[in-house]
Amino acid sequence: EITSKRRAHHFVTGRRSNYENTMLRQIFEHARRRGWTSTHQIPRIRNHKVKMQRRPDFSRKELTQFRKVLRKRIKEAPAGMKKRSRQLLLDFVMLMSHSGMRPCEAQSLRWCDIETIDHTGDGKLTQFHVRGKGKVRAFVPLVEAVLSVRGIKERRLAWLEENGGELDENEPVLARPDGTLKSTNPLRIQTRHQSRPSRRALRSGSVVVR
């Protein structure tokens, strides 16, 4: 009855349906072990064949080429907001490609979410506390992601020292040295949702997003 209603009303399909099927089989098996039902009373619930769908990604070669292009664009940019924005885009690419964060997690990352921890055998490690999709988690990113965040912070502190003020620990990490956010969201850098700066950088580097 449950599976027929799902098919009739198209409630769920694919992986979600298979997940629910697994849960149903476990419930029936628990009932059988308790003696609440017998084997012949349990319906056969089969999983559906689901076509694997990989998310668009970059190859290692494409990512290396993309970084080269971004660094070149930083050198070519005039001093000011454009150069700072291009530097932030490079930092974002390095952060995302070496941390495994979701875009929503990176967007909500604040300075107070980054801490240094002592780890037996590895010394001091940098740990990120992130939020996204209704979940909170902590992880240790690769050193390249840590270096990109460190560069953002150094530029922010240099700007504050020159113009006055103190770093607010609740500030978003992905911001320009003056603390402002990009008007074009650097997080929209994939498939058809690419921002205009990232599309130009991808085209100039002959990088194709699958």
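Using modelled amide H (1.01 Å from N, peptide plane; none on Pro or chain starts), what sits under 5 Å from the amide H of Arg110, excluding residues fewer than 5 places away?
Long-range HN contacts for Arg110: Val173.
Read phi for every residue in segment 59-76 and hand back ³J(HN,Hα) as whole Hz from Karplus 6.51 cos²θ - 1.76 cosθ + 1.60, θ = phi - 60°, with x for Gly and Pro.
So the Karplus estimates, Gly and Pro as x, are 6, 4, 5, 5, 5, 5, 5, 4, 5, 4, 5, 4, 5, 5, 5, 5, 5, 7 Hz.
How far apart, in nm, are two points set 7 Å out from the Cα along the Cα-to-Cβ line at Leu157 and at Arg137?
For the pair Leu157/Arg137, the computed spacing is 3.0 nm.
Working out 0.36 nm times the residue gap between His98 and Thr180, then minus their Cα-Cα distance, what length gain in nm do you get to one decimal?
Between His98 and Thr180, full extension yields 27.1 nm more.
Which peptide among 149-158, 69-78 comes first, and what is the full order, when sorted by highest mean count of other Cβ atoms within 10 Å?
149-158, 69-78
A short reminder: the numbers here are calculations on the coordinates, not readings from a lab. All of these numbers come straight from a predicted model, not from anything done at the bench. So basically every Cβ, Gly included, is an ideal-geometry build from the backbone, and we count neighbours across all protein chains shown.
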